[in-house]
1. To test your reading of the geometry: what angle, between 0 and 90 degrees and rounded to tens, separates the Cα axis of helix 222-236 from the longest principal axis of the chain?
2. Using the count of nearby Cβ atoms within 10 Å as a rough guide to exposure, how do 272, 236 rank from fewest to most?
3. As a test of the definition: which semi-axes, in Å, follow for segment 210-328 when you take the square root of five times each eigenvalue of its alpha carbon gyration tensor? Largest first, please.
4. Please determine, in degrees from 0 to 90 and to the nearest 10, the orientation of helix 375-390 with respect to the longest principal axis defined by the Cα atoms of the chain, where the helix direction is its Cα long axis.
5. Measure nothing but the geometry: give the 0 to 90° angle between the long axis through the Cα atoms of 24-35 and the longest principal axis through the Cα atoms of the chain, rounded to 10°.
6. Run the Debye formula on the Cα coordinates of segment 36-104, all scatterers equal and no solvent, and tell me log10 I(q)/I(0) at q = 0.16, 0.22, 0.25 1/Å.
7. Any idea what Rg and Dmax come out to for segment 1-83 if you just take the C-alpha atoms, in Å?
8. Taking all pairs of distinct Cα atoms, average 1/r, flip it, and tell me the Kirkwood hydrodynamic radius of the chain in Å to one decimal place.
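Bear in mind these aren't lab numbers, they're just calculated from the coordinates by the rules spelled out. Just so you know, these numbers come straight off a predicted model, no measurement behind them. All Cβ positions, even for glycine, are placed from backbone atoms using ideal geometry, and neighbour counts span all protein chains on display.
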């Protein structure tokens, strides 16, 4: 195959038939391994904190994941058919240089998620070591960082564990997910059973009504809260909706990737969110107050229980981090300079950026986590998904020339490497969400209420605006 060397390396090349070994079980365990993480456990808590009832919160988690499953399957199908990773597939719609910009945006979000999950794992180590040693790691907060030296040390230790798997590549990740998924599912059900028995039921929080009910004075806030919450739920996996082809390129068939994802994502997400709500509700009865953080709960279980909880937390955090937050940015950074940056090199860059982003600050509050972080980046990723899907299905009718994805002068060249239709569509889709985002992060003091309303549905607005604009501009001009 004739290719330009600055667009190709062995990691980005189409998957060979012999490497297509992933079955539907592989994808199902991949998703269970990623879903069984602390952010999923705590996901419904942010919704309950915003005033929704537990039943509404769990239902929103389920519905949001059914919605995000659609672009997962659509983009995943392209990966299975052509065997190329996300940054290479992006070249068809954005051009070879434009794809580097879009992939870099996706990579930086993954670095933030990598840091968040690594912080969760490091916090678990910190809590359990302090329990065993009588708070030997506790100390004053460090300047700038805002955490103490013990917290930083535990964070770096767990961060270092990831480097071992990065060096071993994607096959080690499949092995890790296959091993971890049944263990994590079993331990989650054991925790649920423990809470039920100790509290003689699941506790009072499970039946807590919505704060937006009749007579609450907050009825008008219900639907805006639902809209922004649903956007946040879609945003939770909006990153994987883009780069799922990094995994489906190894699928034996379309049937395998479809069945595995349908079984592995929506129901397990709802189940783990329900476990988080039910166990936390039970802690009100058992300990006298609600404990949302599993790492804090571990300190109430005695040393044996705390150590076991630590092992489970580290395992589930490692599985989701490697699959969801290392694979994609590793390919994305490799795509910037394929001749110099391998998959492993991209992984090391991801780890380094995740370290310096100080992820504990992203988790400062439920509002920051849900409505700034999740909704905010969905305003960027939704348009990219809309452009990719419309390009592949409506403009090119699922026909790509693989060789030209690795050539500057091929049919996907655009203008100096940029497909202007994609650039214009991306700008048009981001623009309506930008005022609301700037308001949410405090960079502007006030905007017209319509912009705050638009921002509550950031992913949906971006997806449909970008898809419509791109299709209108690109149809009839793209070479198929």
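1. Orientation of helix 222-236: about 70 degrees from the principal axis.
2. Details: 272 27, 236 21.
So the ranking, lowest neighbour count to highest, is 236, 272.
3. 31, 26, 12
4. That helix lies at roughly 30 degrees to the long axis.
5. It works out to around 50 degrees.
6. Reported log10 I(q)/I(0), two decimals: -0.73, -0.88, -1.00.
7. 18.7, 58
8. It works out to 22.9 Å.
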